[in-house]
1. Sort out which residues of region 33-75 are of a type in the set (Gly, Ala, Ser) and not in a loop (DSSP other than H, G, I, E, B), and write them in order of number.
2. Which of the residues that make up region 10-39 are exposed (fewer than 11 other Cβ atoms within 10 Å of the Cβ) and of a type in the set (Asp, Glu)?
3. Name, by its number, the condition in (1) over 18 Å from VAL12 (Cβ atoms); (2) buried (at least 20 other Cβ atoms within 10 Å of the Cβ); (3) of a type in the set (A, V, I, L, M, F, W, C) that does not hold for ILE86.
4. For region 56-81, name all the residues that are surrounded by fewer than 20 Cβ atoms within 10 Å (Cβ to Cβ) and small (Gly, Ala, Ser).
Amino acid sequence: MLELSAAFQLIVAVSVFFVWTLRYDNVVKEFNEFGYSDLLRNFVGAFKISSSVLLLAGIWYNDLILFGSVSMAFFMFCAQLSHLKIKNPISKLLPSLIFLLMSLYISAFNSGLI
């Protein structure tokens, strides 16, 4: 189970970092579709990247995992609400749903719930 949690940490962190850096043009497009401001987009990006760093660092420093995973789960839940708000197809909801579930697993495992 420890290996699964660490794998999820790595997958979520690297994927989110990739999207918010190398695929930033897509993020801009999505936030415009959602009707959100540039300020909110930048705030979310800074916190998602910070959460990614915490998840990565948590592989070596366990005390960082819970904050990184809970904050990432929060942002992925908000992404779900945003996609539902504009009635995106399931294909658009799926990535953030998978990352939400992974983040919840990381949180539950590292807090001793499972």
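1. GLY45, ALA46, SER50, SER51, SER52, ALA57, GLY68, SER69, SER71, ALA73
2. Selection gives ASP25, ASP38.
3. It is condition (2) that ILE86 fails.
4. ALA57, SER71
Where a number appears in this text, it was derived from the coordinates with a stated rule and is not lab data. The structure presented is a predicted model; accordingly, all values stated were derived computationally and were not measured. Methodologically, a virtual Cβ is constructed for each residue, glycine included, from the backbone with ideal geometry; neighbour enumeration extends over all protein chains shown.
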